[in-house]
Amino acid sequence: MNVQDQLRETVAFIQAQGVQEVEFGLILGSGLGELANDIQDPICIPYEKIPHFPVSTVAGHAGQLVYGSLSGKKVIAMQGRFHYYEGYSMQTVVFPVRVMNGLGAHSLIVTNAAGGVNTSFTPGNLMLITDHINFMGNHPLIGKNEENLGPRFPDMSEAYSHSYGQIAKKVAEKLTISLQEGVYMGFSGPTYETPAEIRFARTIGADAVGMSTVPEVIAARHVGLNVLGISCITNLASGMQANLNHKEVVETTERVKVDFKRLITTILAEIKGV
Ligand code: HPA
C-alpha cells in the first residue's frame, strides 16, 4: 500500500474517534510528554490502535495521540515519538507528521531533549531552535516524491518560522523564562556523540545536538506546516561534562517541565490568525 492510501486510512480512523478540527500538531520529546495531560476534553488514542502507526519502544515515551483544546487551540499531541535509532525507516518516523497535516493542522510544535554544545548553555535551559543541520545520514524525502504532499525540492530557508520564534521570545520574556536560541544538529544515535564529534558540531555551527526532530521538521516543511521547535538542554554534550546517561536527561526534563509547559501553553495562546 502506498503512503497516500495509508494516510487516508489513518486520517479516517483518527477522525472516526472524534478528532475533527486540528490546528496544531505537537510532538513531545523525552520526558516532556506531561504537557499532554493539560489538554482539555482529551481524546486519547494509543499508537497500537492506529492503522499504520508503529509502536514506540523507549522508556519514558507513553505512546499515544492526545487530541483536545490547549490554550483555546485545537491540538493533537504525540506523547512519545518514533526515533530513527529504534530501527524505523525515515518514512515511518515522519508518518505521524503527515497524518497531522492530513487532519488539517497548519503548524507543528516540536520539542526534544538535547545536549548543549554552546558553551554558554546550562542544563535545564530551554532553547528556541532557529535552524537545524541534518547529520543523521539519511533523509525522509529520499525516494519517489509524493507530489500530493509537497514539492520534489522543498525550500528549507525558513525551516523554523521566524514569526513563531518572535512570539516565543516575547512570551519567554513576559514569563521571565530564560530562552536560549540556536541551531540543532541531528545525529542518528543511539550512542551519545564522542567529544570529537561535539567539537566538530560546534565548529560547523551547532548549539545543541540530539537524535530526533530533523526528520519530522523536514516532512513538516514538505507539506507546508509552520514549525516552532523548542529543545530542553538536558545535559552538556559529550566531553563538556562527566559521562552522559538517559537518567540525567529524564531528571532534567522533570526539573524544567513546569517552565516548559508554561512556555508552550502561553505561546499557543499568543499565536493568532495563521
Ligand atoms: N546527545 C544526543 N542526544 C541527546 C543528548 C546528547 O547529549 N541529550 C539528550 N538527548
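The values are calculated or read from the model by the stated rules, or taken from the named source; none is laboratory data. The structure presented is a predicted model; accordingly, all values stated were derived computationally and were not measured. Reconstructed Cβ throughout: ideal geometry from the backbone, glycine too, with neighbour counts over all protein chains shown.
The set of residues in region 184-199 that are more than 9 Å from the ligand (Cβ to nearest atom), more than 17 Å from the chain's Cα centre (by Cα) and surrounded by 15 or more Cβ atoms within 10 Å (Cβ to Cβ) comprises E197, R199.
Here's the yes/no breakdown for (1) within 14 Å of L108 (Cα to Cα); (2) more than 12 Å from the ligand (Cβ to nearest atom); (3) surrounded by fewer than 17 Cβ atoms within 10 Å (Cβ to Cβ):
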{"position": "S212", "(1), (2), (3)": "no, no, no"}
{"position": "R221", "(1), (2), (3)": "yes, yes, no"}
{"position": "L225", "(1), (2), (3)": "yes, yes, no"}
{"position": "T234", "(1), (2), (3)": "no, no, no"}
{"position": "A237", "(1), (2), (3)": "no, no, no"}
{"position": "L244", "(1), (2), (3)": "no, no, no"}
{"position": "R255", "(1), (2), (3)": "no, yes, yes"}
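Could you name every one of the strands (runs of 3 or more DSSP E) located completely within region 60-120 that has at least 2 residues being surrounded by fewer than 23 Cβ atoms within 10 Å (Cβ to Cβ) and touching a residue at least 24 places away in the same chain (Cβ under 8 Å)?
Per the criteria, 64-70, 73-79.
When region 93-117 is filtered for residues that are away from the ligand (no atom under 16 Å from the Cβ) and more than 17 Å from G150 (Cα to Cα), only I109 remains. Restricting attention to region 238-269, the residues that are in a loop (DSSP other than H, G, I, E, B) and either touching a Leu at 6+ places or on another chain (Cβ under 8 Å) or among the aromatic types (F, W, Y) (or both) add up to 1.
From the list E181, E216, exactly one residue is more than 14 Å from the ligand (Cβ to nearest atom), in contact (Cβ under 8 Å) with a residue 12 or more places away in the chain, assigned to a strand (DSSP E or B) and closer than 23 Å to S161 by Cβ. Which is it? Let's see the steps before the verdict.
Numbers: E216 fails: assigned to a strand (DSSP E or B).
Exactly one residue qualifies, and that residue is E181.
Here are E173, E147: which of them is assigned to a helix (DSSP H, G or I), over 19 Å from A114 (Cβ atoms), free of Cβ contacts under 8 Å to residues at least 60 places away in the same chain and of a type outside the set (K, R)? Going through E173, E147 in turn, just one is assigned to a helix (DSSP H, G or I), over 19 Å from A114 (Cβ atoms), free of Cβ contacts under 8 Å to residues at least 60 places away in the same chain and of a type outside the set (K, R): E173.
Go through V214, V223 for me and flag whichever is closer than 20 Å to F82 by Cα, in contact with a strand residue (DSSP E or B) (Cβ under 9 Å, 6 or more places away or on another chain), among the β-branched types (V, I, T) and modelled with pLDDT of 95 or more.
Working: V223 fails: in contact with a strand residue (DSSP E or B) (Cβ under 9 Å, 6 or more places away or on another chain).
Residue meeting the stated conditions: V214.
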